[in-house]
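Below is one structure, written out as structure tokens, with a few remarks after it.
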Amino acid sequence: MRFAFTEDQQMLRDTVREVLARECTPDVVRRAWEAQDQGEKKAEGPFQTLAETGLLGMMLSEEAGGLGMNEVDAALSIEAAGYAALPEPLIETLASIRVLESRLKGDGVELLSQIAAGEARLSLALDVGGVVPFAETAVLFIVFADGRLSLNRREEVELDVQVSGDRTRSVARLRGLKAPGIELGRGEEAVTLRAAIFDRAALGSALFLNGLARKMLELAVEYAKDRVQFGKPIGAQQAVKHHLANALIALEFSKPLAYRAAWTLAENEPDYPVHVSMAKLRASEAARTIAKLSLQVHGAIGYTIEHDLHLFMKRAWALTAAYGTEDFHRARVGRAILPEQGDKNG
Amino acid sequence: MDLRFTEKEEKFRAECRAWLEANVPKEPLPSGDTREGFDLHVEWEKKLFEARYAVVSWPEEYGGRGASLMEWLIFEEEYYRAGAPSRVTQNGIFLLAPTIFEFGTEEQKERILRPMAAAEHLWAQGWSEPNAGSDLASLTSTARRVEGGWRLTGQKTWCTRGSFCDSAFGLFRTDPESERHRGLTYFLFPLRGEGVTLRGVDRLDGDEGFAEVFLDDVFVPDRDVLGEVNQGWRVAMATTSSERGLSLRSPGRFMATASRLIELYTRHRNTADPYLRKEVIDAYISAEAYRYYTFGTVTRMMEGGEIGADSSMNKVYWSEMDVRTHEAALALLGSDFELDEGSSDASDRGAWLKGFQFALAGPIYAGTNEIQRNIIAERVLGLPRK
């Protein structure tokens, strides 16, 4: 039993952190927000730089131009992306790229390198009638509908643009397909492939949420040190200290569940869905809790969109419901560990 | 990262499990916090020591097996899984021993450690005083220098199982001119003999788990000073992190409680409010989170890292998890909630009500959770003290 990351995994995280500290500042996230409000197309930015570091294609095999890495290798980097509230479909890309590699043949293979290069953004429509994130900029969509899993180009899907509370997510509802696209699977196979992507996206969301939570906590800590009332920093007050201590505890006991889930996916352990669910549930709860505490510590300034906090808070809210709500994930854990109610046997 | 246990670890687990299955008393012992129960627990401890399971992570020369910290966690998981008796040697082996390993002289190690592990000499903690609880540095008990040693005078309280133990450890002011954290010395002192008066105090659950200790000019030889004179605060605090962060409450205990809760839910599932299903699932996940958090801590320590102020997070987490888990269990019991041990109909012999009352002490002992949150905020997050 060794529950720690390798130096390489930490170095990759550091690279991602550095790139995003430079290229995905809160101002950049804010511009993505405003661009969306004004209907502008997103400018080139950190996603391309991350692609250049090899992050997007890291899980592809070496033959496909990747590094043959797994969910554990990527875990800390996704967390780092959450810390910067990267307004790009990183979770979606990392969750599905290996499934795509296993299914795409012939001309389709070219798409893989475009995805890995950050040239072709990819989004997921895994639930009929569900919300599709980053729909404005995605050119490829993995769609699960009518017992089929397919990869569709933008012109092949019927999108109905919606407005997210987090404008950077540029969401839409998928109303249907105009053309069948590339079939990735059908029937049971489609269900299995969809599940593989869904659980990886749920794990990615958990890690991203933990990163967002860390950022929201740090914003509150810095504010509590700087903001003076009654002649001293508010962070010297016990009530404020205890809010922040509670926030840190919620985060620190969420992280190990996400790391374990990453390992079970990387090792293809048969019970990985339960571990993913524990991770996603606790990350969602922690992020919601930390958002509330951070807002409370900030006071009125946190309740504005002039302050950066809302950029992280709104992404967190959106992700708590994406790829399985808290109730969905809790119920899944429940089915694994408890008998059903009303069941007279056993 | 490799979340499989090694072959060596698995083998160790299998050995522990086999021995415990064969040896753990079939009927639970009476509470170790009563006179009768204490003696039975001491007998159990001796058996554990003979089989070299009392202190698996200690060096062999003191009765251990030189097991790794990870193996110690495995032992603990198996220990609680087997429903083995609570450890009446706990305050010695988990609180005092780490300090002796770090600050003790060779003579002290030779003299104290083995009898402690063998339950031949039983230790109580003597930190708090009536007016020095959370603010331990305000303590007023004193030690006066005399030929060959010291004379201790003062009052200690909340000494765990103090009425039944042989000795205690605590801080005394050795420099009368000093204030607060300075001028204190760490003493090992007798709980029997001239000048010592004990008064048992019944805890919330009715057991005599506490004692007040009155010391009136009690002689303690120089060899029972632990660490340097006037350096007692540093000596006492050096091991509090490992206590809060690891040794005091390892995950095995809470995993066992979560398993028992699942079993209780299974029995009551068709009458339980659906809300309680949620509570049971959450209790299980919390125990899992605590287990993996601890694997992370132990991995770090085994690779040369240290455990510091972050250990306070641990203490808050397990203590509040334990309360919530017991609350869920009691809610499942419905109006049987109040049936105490001794009731013919009490579920699991009243273990849930008793466990609940004990769980309520968790946020108080080993530094209240309010103090822990201050530590987290100031030393981990860097918030200003004033």
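Every read-out reported here was derived from the displayed coordinates using simple, explicitly stated rules and does not represent laboratory data. From a predicted model like this one, the values you see are computed outputs, not experimental measurements. As a convention, Cβ positions derive from the backbone with ideal geometry for all residues, glycine included, and neighbour counts pool all protein chains shown.
What number does the range B:123-231 give for Rg over Rh if you use C-alpha atoms and the Kirkwood radius? Intermediate values should be presented prior to the final figure.
Details: Rg = 13.3 Å, Rh = 13.8 Å.
When Rh is taken as the Kirkwood radius, the ratio is 0.96.
Any chance you could check the Cα centroid distance between the range A:216-295 and the range A:113-160 for me, in angstrom?
That distance is 31 Å.
Which residue, chosen from A:ALA331, B:LEU40, B:LEU95, occupies the Cα position most advanced towards the positive end of the dipole of the protein assembly as shown, where the dipole is computed from +1 (Lys, Arg) and -1 (Asp, Glu) charges on Cβ about the Cα centre?
A:ALA331
Loop only per DSSP, at most 13 neighbouring Cβ atoms within 10 Å: give me the GluC sites (Glu not before Pro) in the range A:251-323, ordered by residue number. Don't skip to the answer; put the middle values down first.
Working: sites: A:GLU252, A:GLU267, A:GLU285, A:GLU306; in loops: A:GLU267, A:GLU306.
Filter output for the range A:251-323: A:GLU306.
Which of the chymotrypsin sites (Phe, Trp or Tyr not before Pro) across the range A:237-346 are loop residues per DSSP, with 15 or fewer other Cβ within 10 Å?
Passing sites in the range A:237-346 do not exist.
Check cross-link reach from A:LYS178 to the lysines: straight Cα distance under 27 Å, and skip same-chain residues fewer than eight apart.
A:LYS41, A:LYS42, A:LYS105
What does chain A give for Rg and for Dmax, in Å, if only its C-alpha atoms count?
20.2, 69
Quantify how strongly other chains surround peptide B:286-296 by giving the mean number of their Cβ atoms within 10 Å of each of its Cβ atoms. Mind showing how you got there, number by number?
Numbers: counts 3, 0, 10, 10, 2, 4, 12, 7, 2, 7, 9.
Per-residue shielding by partner chains comes out at 6.
Of the GluC sites (Glu not before Pro) in the range B:259-319, which ones lie in a loop per DSSP and count no more than 12 other C-beta atoms within 10 Å? Could you put the intermediate results ahead of the total?
Details: sites: B:GLU263, B:GLU279, B:GLU288, B:GLU303, B:GLU306; in loops: B:GLU303, B:GLU306.
Passing both the DSSP loop test and the Cβ count: B:GLU303, B:GLU306.
How big is the dipole moment of the range B:7-88 about its Cα centre under a simple scheme where the beta carbon of each Lys and Arg is +1, that of each Asp and Glu is -1, and everything else is neutral? Debye, nearest 20, please. Working shown, then result.
Working: 12 positive and 18 negative charges, 15 e Å.
Once rounded to the nearest 20, the dipole reads 80 debye.
Taking DSSP loops as anything outside H, G, I, E and B, show the longest stretch in chain A free of trypsin sites (Lys or Arg not before Pro) there with at most 13 other beta carbons within 10 Å. Provide the component values of the computation, followed by the final result.
Details: sites that count: A:LYS41, A:LYS105, A:LYS178, A:LYS344.
With trypsin sites (Lys or Arg not before Pro) excluded where exposed in loops, chain A gives A:179-343 as its longest stretch.
Computed on alpha carbon atoms, what radius of gyration and Dmax characterise the range B:250-303, expressed in Å?
My reading of the Cα-based Rg and Dmax gives 14.0, 49 Å.
Give me the net charge for the shell around B:MET255: Cβ to Cβ below 9 angstrom, other residues only, Lys and Arg +1, Asp and Glu -1. Could the numbers behind the result be given before it?
Working: positive: B:ARG81, B:ARG253, B:ARG291; negative: B:GLU77, B:GLU288.
That sum, taken over residues with Cβ under 9 Å, equals +1.
Just checking the output field for B:259-267: average partner chain Cβ neighbours within 10 Å of each residue's Cβ?
Mean partner-chain Cβ count within 10 Å for B:259-267: 1.
Give me the inter-chain shielding for B:3-9: mean count of other chain Cβ atoms within 10 Å, whole number please. Walk me through the intermediate numbers first.
Working: counts 11, 5, 1, 2, 0, 0, 1.
Mean shielding by partner chains, rounded to a whole number: 3.
Over 46 Å apart: what share of the alpha carbon pairs of the protein assembly as shown falls there, rounded to a whole percent? Don't skip to the answer; put the middle values down first.
On the way: 78414 of 267546 pairs.
Result: 29 percent of Cα pairs exceed 46 Å.
At 222 nm, what helix-only mean residue ellipticity would chain A give, in deg cm²/dmol to the nearest 500, using -39500 (n - 2.57) for each DSSP H run of four or more?
Values: 12 runs with 191 residues, N = 346.
Estimated from H runs of four or more residues: -18500 deg cm²/dmol.
Can you give me the Cα centroid spacing of the range B:134-148 and the range B:311-386 in angstrom?
32 Å
Counting only DSSP beta bridges with both residues in the protein assembly as shown, tell me the antiparallel percent, nearest 5.
Details: 50 of 59 bridges.
Rounded to the nearest five, the antiparallel share is 85 percent.
Let me check I've understood the local charge: for A:LYS232, count other residues with C-beta under 15 angstrom from its C-beta, Lys and Arg +1, Asp and Glu -1. What total comes out?
Details: positive: A:LYS225, A:ARG227, A:LYS241, B:ARG385, B:LYS386; negative: A:ASP226, B:GLU378.
Spelling it out: positives minus negatives among the neighbours equals +3.
With n ≥ 4 as the cut-off for DSSP H runs, can you work out [θ] at 222 nm for chain B, using -39500 (n - 2.57) per run divided by the number of residues, rounded to the nearest 500? Present the calculation step by step, with values, prior to reporting the outcome.
Working: 11 runs with 150 residues, N = 386.
Helices in chain B give a 222 nm mean residue ellipticity of -12500 deg cm²/dmol.
What are the semi-axes of the equivalent ellipsoid of chain B, taken as the square roots of 5 times the eigenvalues of the Cα gyration tensor, listed largest first and rounded to whole Å? Write down the numbers at each step before the final one.
Values: eigenvalues 237, 111, 102 Å².
Its equivalent ellipsoid spans semi-axes of 34, 24, 23 Å.
What distance in nm lies between label points placed 7 Å from Cα along the C-beta direction at A:THR53 and A:VAL191?
About 3.9 nm separates the two model spin labels.
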